[in-house]
1. Go through region 73-124 residue by residue and tally those that are outside any helix (DSSP H, G or I) and of a type in the set (Phe, Trp, Tyr).
2. I'd like the full set of residues that are more than 25 Å from Pro137 (Cα to Cα) and either crowded, with 18+ Cβ neighbours inside 10 Å or in contact with a strand residue (DSSP E or B) (Cβ under 8 Å, 6 or more places away or on another chain) (or both), limited to region 19-35.
3. Pull out all pairs, ordered by first then second residue, where Cβ-Cβ is under 9 Å, the residues are six or more apart or on different chains, the first lies in region 51-70 and is among the charged types (D, E, K, R), and the second is buried (at least 17 other Cβ atoms within 10 Å of the Cβ) and assigned to a loop (DSSP other than H, G, I, E, B).
4. Among Lys226, Lys219, Lys175, which is the only one that is under 23 Å from Ala112 (Cβ atoms) and assigned to a helix (DSSP H, G or I)?
5. Among (1) within 24 Å of Lys219 (Cβ to Cβ); (2) modelled with pLDDT of 95 or more; (3) exposed (fewer than 12 other Cβ atoms within 10 Å of the Cβ); (4) of a type outside the set (Gly, Ala, Ser), there is one condition Lys3 misses while meeting the rest; what is its number?
6. Among the residues of region 201-225, what is the count of those that are surrounded by fewer than 19 Cβ atoms within 10 Å (Cβ to Cβ), over 14 Å from the mean Cα position of the chain (by Cα) and at pLDDT 95 or above?
7. Please find, among Leu165, Leu127, Leu136, Leu160, the residue that is assigned to a loop (DSSP other than H, G, I, E, B), modelled with pLDDT of 90 or more and farther than 23 Å from Tyr40 by Cα.
8. May I ask you to list the residues in region 87-132 that are touching a Ser or Thr at 6+ places or on another chain (Cβ under 8 Å), free of Cβ contacts under 8 Å to residues at least 60 places away in the same chain and within 13 Å of Ile173 (Cα to Cα)?
Amino acid sequence: MLKFGFRLIDKLAFRKVLVIGDSHAKIFNNPLFKIHFPFYAFDVCSVKGATASGLENPNSKTQAYKIFKEKLDNPQKYFKVILLLGEVDTGFVIWYRSEKYDAPISKMFNDAIIKYTNFIADTNKLLQPIVISTPLPTISDNNDWGEIANLRKTIKAKQLERTDLTIKFNNKIEKFCKTNNIEYVNLDKQSLGKNGLIDDYLLNKNSNNHHYNNNNYTKLLIRNLKKILVVKNKL
């Protein structure tokens, strides 16, 4: 009965929001979004392992850009688009590529910024984006259990270093968005604990899972998106 009710809400929703991102974007499948945004339907396009760094690479393993572009080829279907990318970059790829190619972190960082901002700008020509800040690192130092932690154990960067880089990344993207009058939701201050790392309330109960706690992250997003999807666009 509950599932039928949600399907009915989707049919009645007259504002469809496209969600584009890596595996973290699946958070928008949480039923709480349907409850708090009854007149919006979220169409989630999530590509596991998608990176900002690889958006312009036609040979990327994930083929994320091609998948995202296919969705964006029908902008008339959507009211807005939510973008949620960068965690794979700041948590792994930037560090990995720096070590592999013996290049400065700053170069790999700037490459990721340029490719992501180009993508945001191109998207803005088609649909009004709402850019969500990149999630902070949850994998602690010396943690090599779980699929993602095991894959990322080769990099030497500590959690605090990865966190600082993520915040720097988010600040750069936020500045770009503000300059171009694009909505940006920065969750960093609401996500940090007193120790300068991710707050415990956002950690997944499953220590093998690097994604945020599903319900707590959902509530955090809802609280911030209501300022955009409800207050600024009254129904």
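The values are calculated or read from the model by the stated rules, or taken from the named source; none is laboratory data. Please read all numbers here as calculations on a predicted model, not as lab measurements. Reconstructed Cβ throughout: ideal geometry from the backbone, glycine too, with neighbour counts over all protein chains shown.
1. Qualifying residue count, region 73-124: 3.
2. Selection gives Lys34 alone.
3. Lys61/Gly54; Lys66/Ser60
4. Selected residue: Lys175, the only one of Lys226, Lys219, Lys175 that is under 23 Å from Ala112 (Cβ atoms) and assigned to a helix (DSSP H, G or I).
5. Unmet condition: (2).
6. Number of matching residues: 7.
7. Leu136
8. Across region 87-132, the qualifying residues are Asp111, Pro129.
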